[in-house]
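Okay, structure first, notes after.
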Amino acid sequence: MSHKRSGLLPGLFFGLLAALICAAGLGVAVLYQESLPEEVTGFGGGVPVSLALALLIAVIVALAMGARRPRSLLLLPFAFLYGGAAVAAGQITGSSVLIGAGLRAPGDRAPAGFSDVDLPTFNEGLPHALRVYREPLTETTAWLYIAVAALAAFALLTLRVLRVRRAQRAEAAESPGEPGQPGDSDKPEYRAPFEPAQPPTPKPTTDLFTPRKPARD
């Protein structure tokens, strides 16, 4: 089976592209979270909003990987990886810039923005952002969002791949000429009306050494 028919290479490419876009979008959302209304970011401690973003990323990644009717099961672990990695990359990138901007100007209460996005700010806040992932699971929800995105992307793409494989098996079973299926060779031969089912017995060829039967009166 070729990679083109299985949809493996297109799925990997579009899934990676979608994961990068989602990671950038999540990073921007984390960077501008202080500019959002308190009713949105403070509802439920921010957990519902973060879970919704994680599920949205999973849906986008799964749709991108399943856009070309994939049937390769090798795409499933990559969907798990892309979904979780997109959330992790977005969290780390946005948090690093946000923390780095706060460390550079501790007395400035203005929300961070694109003007603070640069490599020195990112490098300064990166160690503090990574410290969140070293905390126990009971004290941080960062791993929760990563797990939700990874599992949701895996489940959605699994449903898509199984549906495509089932549809292609049904098409192969209905198409003529397949092994074990009735094809053109199994169709009964056409006979004109009043044509006997058995072909007529061929007349023997004339033999010069066989005497002819005498004609009857």
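The values are calculated or read from the model by the stated rules, or taken from the named source; none is laboratory data. Because the structure is predicted, anything quoted here is derived from the model rather than measured. Glycine gets a Cβ as well: all are built from the backbone with ideal geometry, and neighbour counts include every protein chain shown.
Here are a few things to note about the model shown:
- Residue satisfying all of: in the stretch 1-46; among the hydroxyl-bearing types (Ser, Thr, Tyr) and touching a residue at least 40 places away in the same chain (Cβ under 8 Å); nearest to Arg71 (Cα to Cα) among these: Ser6
- Note on the stretch 44-78: residues that are in a helix (DSSP H, G or I), small (Gly, Ala, Ser) and farther than 15 Å from Tyr145 by Cα amount to 2.
- Scanning the stretch 34-93 for residues that are β-branched (Val, Ile, Thr) and farther than 18 Å from Tyr133 by Cβ, we see that the one that is surrounded by the fewest Cβ atoms within 10 Å (Cβ to Cβ) is Val40.
- Matching residues, the stretch 107-132, being at pLDDT 65 or above, of a type in the set (D, E, K, R) and in a loop (DSSP other than H, G, I, E, B): Asp118
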